[in-house]
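To start, the structure itself, in structure tokens.
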Amino acid sequence: MTLDLNNPDLMREAALVGGRWIAGDATTGVAVTNPASGVVLGYVPRLGAAETLEAIDAAQVAQKAWAARTAKDRSAVLRRWFDLMMANQSDLAQILTAEQGKPLAEAAGEIAYGASFIEWFAEEARRAYGDITPGHAPDKRILSVKQPIGVVAAITPWNFPNAMITRKAGPAFAAGCAMVLKPAGQTPFSAIALAVLAEEAGLPPGLFSVVTGAARDIGKAMTDSPIVQKLTFTGSTEVGAKLYAQCAPTIKKLGLELGGNAPFIVFDDADLDAAVEGAVIAKFRNNGQTCVCANRIYVQLSVYDAFAEKLAAKVATLPTGNGVDKGIVFGPLIDEAAVQKVDEHVADATSKGAQVILGGKSHALGGTFYEPTILTGVTNDMAVATEETFGPVAPLFKFETEAEVVALSNDTEFGLASYFYSRDHARVWRVSEALDYGMVGVNTGLISTAEAPFGGVKQSGLGREGSRHGLDDYLEIKYICLGGIEEA
Ligand SMILES: NC(=O)c1ccc[n+]([C@@H]2O[C@H](COP(=O)([O-])OP(=O)(O)OC[C@H]3O[C@@H](n4cnc5c(N)ncnc54)[C@H](O)[C@@H]3O)[C@@H](O)[C@H]2O)c1
Ligand SMILES: O=C[C@H](O)CS(=O)(=O)O
């Protein structure tokens, strides 16, 4: 399938291994399909352990030279990469929509968001400060310097095929590391397009590899390799736990951005219209396929009916369709398994007494399109209360007191994002501090930005991506003790 690209070279049916491009084809390669139409977009090579080890070896060589360059020099290359991403934003968005399904406007937004991590870490690259600490003895001086971890392996998901990569590549290259990336099998072309632009920006050969193909084999080669000093993974908690265990024998540093089950709380003192706007973003962005999506919507009793009515009225105006068509808000779900999970959650809820006030079934468009759905009368015994739906289902729970809803919100093994609406400043402080999550959105449903430390607690992961903290996850602190400094 041909896309209408200004820069056709960005849509490359190939993987990048240690500086060489390996072509994919229909006979031996892996097909990549458009979730809106089922049409095959193209093929990427089915690579495995051998090519992964080749990429790791090349990364080890390239990383040494890259780390030896000045931070200012590395910063300039990253800045050029950012400029190229923005100059090619329309093409990158077209590729992203074609393989992931999100509407073009949302895809273009992801490109800008993804590029912002490269921009941010182009600036942070020059601020990996060390310390000189007042010593404990007159003949000694205590220094600490920050140095790059080395070769990093990255594995990323399909739901944000651009930004989940740059959120790792930005700090990694800024710190002086090299990266071997395995993108999601559903969305490799966005990763490949980033590599094409990285080469053009001046990233040296071998520093960044994109290995497509057999996930388990590629992942095992990454986790087994003693050369790989860090694994950074974004995806499900289930897979994250497996990779965590696989990294243990070589004591790798880990970055884990895993699953979520975000509560979205509407107190009776909230601005209801603002809360509805926030709920639409927090619940339905990327068709509900984000790790920080509101998975449980708790509404205080006295405003429950008004909120439910307003939310349904708003969502009913938002169109579903092919993401390339103008004005579309809801694209397809990524695959049939995603539709099945959404259907199971809706069926489970209604079988236990929930009511469907909007949607509730596959869309008339067929395929993997699903009607945006709002459920009322939802209770804690339903699957939507404990499982990540990862689709366009807004389950509305009732609550009476602040203490009750904080306890309900925290009753999960996840701890990524949380949200609440209230105009009582004392309550804002109390609830922000009481929610057991890595991130809290107060009177907003959209919190993700390069300037902020993105990440979770409990089984939602380890580490932070973005902010000034994000660079530290790719640096080691080296302590240098200077002795023998005798008095003159
Ligand atoms: N915390 C975050 O920032 C964040 C962001 C996006 C998605 N997610 C989570 O990811 C999940 C959805 O994404 P997904 O379906 O792509 O997740 P997934 O865990 O199924 O896959 C993620 C990546 O891991 C790879 N993978 C799967 N099994 C593997 C194995 N055994 N060895 C090596 N690699 C393997 C996949 O090919 C893909 O590239 C949801 O749970 C969502 O919450 C979290
Ligand atoms: O799926 C979760 C990603 O982290 C998306 S975002 O960073 O919240 O846009």
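The values are calculated or read from the model by the stated rules, or taken from the named source; none is laboratory data. Since this is a predicted model, take the numbers as computed values, not measurements. Cβ placement follows ideal geometry from the backbone for every residue including glycine, while neighbour counts extend to all protein chains displayed. Side chains included, ligands, DNA and RNA excluded: accessible areas come from the protein's heavy atoms. Shrake-Rupley method; radii C 1.70, N 1.55, O 1.52, S 1.80 Å.
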Notebook entry, point to check: Amide H of A354: which non-local residues (sequence gap of 5 or more, or other chain) have their own amide H closer than 5 Å, using H built in the peptide plane?
Noted result: none
Check: Separation between the D269 and D381 pseudo-spin-labels, each 7 Å from Cα along Cα→Cβ, expressed in nm?
Finding: 3.5 nm
Notebook entry, point to check: So how far apart, in nm, are the two label points at N6 and N410 if each is 7 Å from Cα heading toward Cβ?
Noted result: 5.1 nm
Margin query: For a Förster distance of 25 Å, can you work out the FRET efficiency between the beta-carbons of R141 and H469, rounded to the nearest 0.05?
Written below: 0.35
Item checked: Cβ-Cβ FRET estimate between T350 and V39, R0 fixed at 41 Å, reported to 0.05 -> 0.75
Margin query: Over the chain, with the other protein chains present, what is the accessible area per residue in square angstrom, probe 1.4 angstrom?
Written below: 39 Å²
Notebook entry, point to check: What do the square roots of 5 times the Cα gyration tensor eigenvalues come to for the chain, in whole Å, largest first, as semi-axes of the equivalent ellipsoid?
Noted result: 39, 30, 19
Checklist line | Residue-span extension gain [D25 to K242] - 0.36 nm each, minus C-alpha spacing | finding: 75.0 nm
Next item on the list: List the GluC sites (Glu not before Pro) within region 347-431 that fall in a DSSP loop (any state other than H, G, I, E or B) and whose Cβ has at most 11 other Cβ atoms within 10 Å.
Entry: E400, E413
Check: Given region 262-442, what count of lysine pairs have C-alpha atoms under 16 Å apart, with each pair 8 or more places apart or on different chains?
Finding: 5
Check: Using mean Cβ contacts within 10 Å as the protection proxy, how do 432-442, 199-209, 473-483 order, highest first?
Finding: 199-209, 432-442, 473-483
Margin query: With a cut-off of 8 Å between alpha carbons and a minimum separation of six or more residues, what is the relative contact order of region 262-442 in percent?
Written below: 29 percent
Margin query: Under the rule of at least 5 residues apart or a separate chain, name every residue whose amide H is placed under 5 Å from the amide H of A14.
Written below: G24
Check: Sorted by accessible area (1.4 Å probe), largest first, how do H345, H425, H363, H469 line up?
Finding: H425, H469, H363, H345
Next item on the list: Could you calculate the contour length gain from A68 to A50, that is, 0.36 nm times the residue separation minus the distance between their Cα atoms, to one decimal place in nm?
Entry: 3.7 nm
Check: By DSSP, what percent of the beta bridges with both residues in the chain are antiparallel, rounded to the nearest 5?
Finding: 40 percent
Notebook entry, point to check: Sorted by packing (mean other beta-carbon atoms within 10 Å per residue), highest first, where do 158-171, 95-108, 9-22 land?
Noted result: 158-171, 95-108, 9-22
